[in-house]
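A.B. asks: The following block contains the structure, expressed as structure tokens.
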Amino acid sequence: MFSPEKLAFIKSRRIAHLATADARGRPHVVPVCFAYLDGAFWIAIDEKPKTTTRLRRLRNIEENARVTLVFDRYDEDWTRLGYILVTGTAAVLTAGRESEPALAALRDRYAQYRSMMLEGRPLIRVKPERVTSWGDLR
């Protein structure tokens with residue numbers, strides 16, 4: 001689904017933006033850390049101070065599994081602007097064998113996750129269905 005150029009651009013981004021919508025179509029966008037593994041994007045709900053684990057993004061996915069991830073680059077040199085939109089279906093998973101490789105990939109990518117207890121916390125899996133890109137992806 002991803003050309004080598006698109007995959008390199010995605011992997012070079014430190015964050016993405018996850019767009020969800022509730023059952024009534026009200027949008028919600030948050031920056032997220034991610035890992036790409038076995039054809040899916042994985043997003044942990046980490047231990048940073050949060051008032052609840054019933055986050056809006058999780059509630060939205062339960063109501064409406066259609067999501068979009070945005071990977072972008074801004075540069076003052078506008079010839080370097082670029083983005084990739086990945087639209088797909090998301091699921092909220094809990095700890096299990098399927099999540100172990102994803103958590104390892106997230107910990108490899110983000111040193112901050114190495115000291116966090118991610119097991120037993122919700123994990124978002126996004127299965128890509130459509131990819132759109134624009135601009136300079138080099």
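What follows draws every value from the coordinates through simple rules; no lab data is involved. This is a predicted model, so every value here is computed, not measured. Counting neighbours? That spans all protein chains shown, and the Cβs are built from the backbone with ideal geometry, glycine included.
A.B. asks: For the range 28-44, what does the Karplus curve 6.51 cos²θ - 1.76 cosθ + 1.60, with θ = phi - 60°, yield as ³J(HN,Hα) per residue in whole Hz, taken in order and with x for Gly and Pro?
C.D. replies: 8, 10, 9, x, 9, 8, 8, 9, 10, 8, 6, x, 9, 9, 10, 9, 8
A.B. asks: Using a Cα-Cα cut-off of under 18 Å, which aspartates and glutamates could be cross-linked to Lys127, ignoring same-chain neighbours fewer than 8 residues away?
C.D. replies: Output for Lys127: Asp38, Glu62, Glu63, Glu98, Glu100.
A.B. asks: Now for a different question. With label points built 7 Å along Cα→Cβ from the Cα atoms of Thr132 and Glu98, find their separation and express it in nm.
C.D. replies: 2.8 nm
A.B. asks: Taking the simple approach of a point 7 Å from Cα along Cα-to-Cβ for both Arg114 and Lys48, what is their distance in nm?
C.D. replies: 2.0 nm
A.B. asks: Test of understanding: extend the Cα→C-beta vector of Ala65 to 7 Å, then name every residue of the range 85-103 with backbone N under 19 Å from that spot.
C.D. replies: Inside the label zone: 86-99.
A.B. asks: Indicate the gyration tensor shape class of the range 66-136 (rounded, prolate or oblate), computed on the Cα atoms with a ≥ b ≥ c the square roots of the eigenvalues: a/c under 1.5 is rounded; otherwise a/b larger than b/c is prolate and the rest oblate.
C.D. replies: Here the range 66-136 falls in the oblate category.
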